[in-house]
Amino acid sequence: MPQSLAKIYVHLIFSTKNRERILPDDLRPDLHAYMGGTLNGLGCSPIEINSEPDHAHLLFVMTRTETLSDVVGQVKKSTNDWLRARGPQFQNFYWQGGYGAFSVSQSAVEEVRQYIREQREHHKRVSFPDEFRTFLKRYEIEFDERYVWD
């Protein structure tokens, strides 16, 4: 086959360092736009991005030319730098070292988009750590609780 074709949807989740609730509501739309621009620049197509004060959810189509770890690293590094430039309250800002990346089937894209859009309501009932543990269990990912939260 002369062409390399792929369409892989990724639901990416990562938190602020120590799950610090530092991302203010008024900054979130610009942060989401910046994340989307970074993804676009890497050849990934953003579909839905949302965040809460202590974590972010990104749904995107993965590029064929980069590794997932490189994409995640670039998104986190660029937004880390962007946030630090927003003011002195972000001078010590860091994202957590790790992340969760979960595959999404074409048939579930709209459901995941809705889930990401409704984060504010969702987190009135479920904490971020419980949400993340649920994803790890649903996707049958073995984990050591001591190393999930850095």
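Which of the residues belonging to the range 67-90 are at pLDDT below 95 and among the polar types (S, T, N, Q)?
Gln89
Give the residues of the range 76-96 that are surrounded by fewer than 17 Cβ atoms within 10 Å (Cβ to Cβ) and touching a strand residue (DSSP E or B) at 6+ places or on another chain (Cβ under 9 Å), sorted by residue number.
Residues satisfying the conditions are Lys77, Asn80, Tyr94.
Is one or more of the residues making up the range 96-107 under 17 Å from His11 (Cβ atoms), assigned to a helix (DSSP H, G or I) and not hydroxyl-bearing (Ser, Thr, Tyr)?
Our first condition is that a residue be under 17 Å from His11 (Cβ atoms); within the range 96-107, this holds for 96, 98-107.
Keeping just the survivors that are assigned to a helix (DSSP H, G or I) gives 106-107.
From the residues that got through so far, the ones that are not hydroxyl-bearing (Ser, Thr, Tyr) too are 106.
Yes: one or more hits.
Could you list, in sequence order, the residues of the range 113-125 that are in a loop (DSSP other than H, G, I, E, B) and under 21 Å from Trp95 (Cβ atoms)? If you could, list the steps in order and put the result at the bottom.
Of the range 113-125, the ones in a loop (DSSP other than H, G, I, E, B) are 118, 123-125.
Of everything in the range 113-125, just one residue is in a loop (DSSP other than H, G, I, E, B) and under 21 Å from Trp95 (Cβ atoms), namely His123.
Restricting to the range 1-54, name every residue that is of a type in the set (Gly, Ala, Ser), surrounded by fewer than 18 Cβ atoms within 10 Å (Cβ to Cβ) and part of a strand (DSSP E or B).
Residues of the range 1-54 of a type in the set (Gly, Ala, Ser): 4, 6, 15, 33, 36-37, 41, 43, 45, 51.
The next check asks that each one be surrounded by fewer than 18 Cβ atoms within 10 Å (Cβ to Cβ); those that pass are 4, 6, 33, 37, 41, 43, 45.
Matches in the range 1-54: Ser45 only.
Considering only residues that are assigned to a helix (DSSP H, G or I) and not charged (D, E, K, R), which ones fall in the range 55-81?
The first filter runs over the range 55-81 and keeps only residues assigned to a helix (DSSP H, G or I), leaving 68-81.
Those that are assigned to a helix (DSSP H, G or I) and not charged (D, E, K, R): Leu68, Ser69, Val71, Val72, Gly73, Gln74, Val75, Ser78, Thr79, Asn80.
The values are calculated or read from the model by the stated rules, or taken from the named source; none is laboratory data. The structure presented is a predicted model; accordingly, all values stated were derived computationally and were not measured. Please note: Cβ atoms are built from the backbone with ideal geometry, for glycine as well, and neighbour counts cover all protein chains shown.
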